[in-house]
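What follows draws every value from the coordinates through simple rules; no lab data is involved. Every value quoted in this text rests on a predicted model; they were computed, and no experiment measured them. Don't worry about glycine lacking a Cβ; one is built from the backbone with ideal geometry, like all the others, and counts go over all protein chains shown.
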Amino acid sequence: MTEIWTLSLRQLASWFEDTKRLLPWREDPTPYRVWVSEIMLQQTQVATVIGYFDRFMKRFPDIQSLAQASESEVLLLWAGLGYYRRAKHLHRASQEVVKAGAFPESRQEWLKLPGVGEYTAGAILSIAYGKPEPLLDANVERVLARLRCVGREQGETFYKKRLWRLAKFFVEKGHALGIPPSCLNQALMELGASLCSVSQPECLICPLNRLCRSFKRGQQTDYPTKKPPKVWIAVQETVHCIFRGDEVLVRQRESPQWRAGLWDFLVEKPVWTSLRYLAEVKTQHVVTRHKIQRRTHIWKLSKKASVLCDRKVEKWIACNDSTLPTGAAFKKSLQAVTRFLSS
């Protein structure tokens, strides 16, 4: 059994070195670059993240530049990537690291930072520091669940604990064999993203097929066992788009509003006598467990009208303005409004 494990882990490492994707954060895996990439990759596909990562690194090449930036500027570069709390946590955590004078070097220290969970800590420590720390994302979960036929029969907590123990065993076993933790952990992630796919695993050429119980039993697609159905939360939003010539009025969302820090249409219609109501457009947007149905009321303001705005949180912008951080919900609404106005 030991010989099979040794051979399989060495084959996994060799397979990864031969077939790994060329990704920008792998070129220079510093703690900062790995950290930013892992935060961006949370619930987001690699292909989507690449462009955002490159732009983010160009503007914030090191943690000092990120810590010194305003939250608004960070959100602007994050706009469209979604899950904006990630960007806020990353920004706040960068300020804490700069204040401390050094990056954390242990899992416990990393976990104290905003937005850093067990997976992110394990990824940074193993990839950037070469420490034999485990990680568990969706891809690694699928690989390990299939390898040892780990199901959810005893509940989600027991299921995750067993997978974390397996992840720890893999990285420590590989480390004892001289396989760098960076290579071993990334190989497991790469395997789950390629050969060990959700619906069509390519088991015959998988470097771990000798260890895989589900492959031997012909049950590959039975694992991971399914989670309970997702419970969707319906959200109804109403906003007011006020346009004047080629400009629209936007307001920065404030805490505790959802998407605080982003700019959007007004939630409350201003009481201006010079407004003329035109129409209502509807859009839909999905974020994590939320299904958002948005109604955007369109109002026209005379070009000559003089109105008072709160200049700290309200601005008139061109419809094609891209200098403010806005979310996908706003962009969908704006597209619907633009289509209506041009029809």
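Take every DSSP beta bridge whose two residues both sit in region 233-342, then give the antiparallel share in percent to the nearest 5.
The antiparallel proportion sits near 65 percent.
Given region 258-298, report the % of alpha carbon pairs whose separation exceeds 16 Å.
It works out to 53 percent of all Cα pairs.
Round to the nearest 10 and give me the degree value, 0 to 90, for the angle of helix 138-148's Cα axis relative to the longest principal axis of the chain.
The answer is roughly 30 degrees.
Based on the Cβ-Cβ distance from GLN42 to SER343, what FRET efficiency comes out when R0 is 51 Å, to the nearest 0.05?
E(calc), rounded to 0.05, equals 0.85.
Step by step: find N for region 10-136, compute 2.2 N^0.38 Å, then divide the Cα radius of gyration by it. What's the final number?
For region 10-136, the normalised Cα radius of gyration comes out at 1.04.
Quick check on the chain: what does the Kirkwood estimate of hydrodynamic radius come out to from the alpha carbon pairs, in Å?
About 22.9 Å, per the Kirkwood formula over Cα pairs.
Can you work out the FRET efficiency for the pair ASP18 and GLU247, with r the C-beta to C-beta distance and R0 = 51 Å, to the nearest 0.05? Intermediate results must be reported in sequence, preceding the final value.
On the way: r = 55 Å, r/R0 = 1.08.
Plugging the Cβ-Cβ distance into 1/(1 + (r/R0)^6) gives 0.40.
Taking only the alpha carbons of region 136-294, what extent do you get along each of the three principal axes, in Å, biggest first?
75, 32, 29
Taking 35 Å as R0, compute the FRET efficiency from the Cβ-Cβ separation of LYS269 and ALA100 and round it to 0.05.
It comes to 0.15.
How much length is gained if the chain between CYS319 and LEU204 is pulled fully straight, taking 0.36 nm per residue apart and subtracting their Cα-Cα distance, in nm to one decimal?
Additional length available on full extension: 36.1 nm.
Can you give me the Kirkwood hydrodynamic radius for region 20-78, using every pair of distinct Cα atoms, in Å to one decimal?
Kirkwood radius, region 20-78: 11.8 Å.
Give me the net charge for the shell around LEU191: Cβ to Cβ below 11 angstrom, other residues only, Lys and Arg +1, Asp and Glu -1.
+1
Are there GluC sites (Glu not before Pro) in region 243-343 that DSSP marks as loop and that have at most 10 other Cβ atoms within 10 Å, and which are they?
GLU254, GLU268
Tally Lys and Arg at +1 and Asp and Glu at -1 over the other residues with C-beta under 14 Å from the C-beta of GLN236: what net charge comes out?
On the way: positive: LYS282, LYS291, ARG294, ARG295; negative: GLU237, GLU280.
With Lys, Arg at +1 and Asp, Glu at -1, the neighbours total +2.
Among the GluC sites (Glu not before Pro) within region 113-172, which fall in a DSSP loop and have no more than 14 other Cβ atoms within 10 Å of their own Cβ?
On the way: sites: GLU118, GLU141, GLU153, GLU156, GLU172; in loops: GLU153.
Sparse-neighbourhood loop GluC sites (Glu not before Pro): GLU153.
Quick one: Debye curve from the alpha-carbon atoms of region 231-311 only, equal weights, vacuum; give me log10 I(q)/I(0) at q = 0.27 Å⁻¹ to two decimals.
Ignoring solvent entirely, the Cα scatterers give -1.40.
Need one number: % antiparallel among DSSP beta bridges in the chain, to the nearest 5. Show your work: numbers first, answer last.
Numbers: 22 of 34 bridges.
Among the beta bridges of the chain, antiparallel pairing accounts for roughly 65 percent.
Provide the net charge surrounding TRP110, with neighbours chosen by a C-beta distance below 12 Å and charges set as Lys +1, Arg +1, Asp -1, Glu -1.
Charge balance in the 12 Å sphere: -3.
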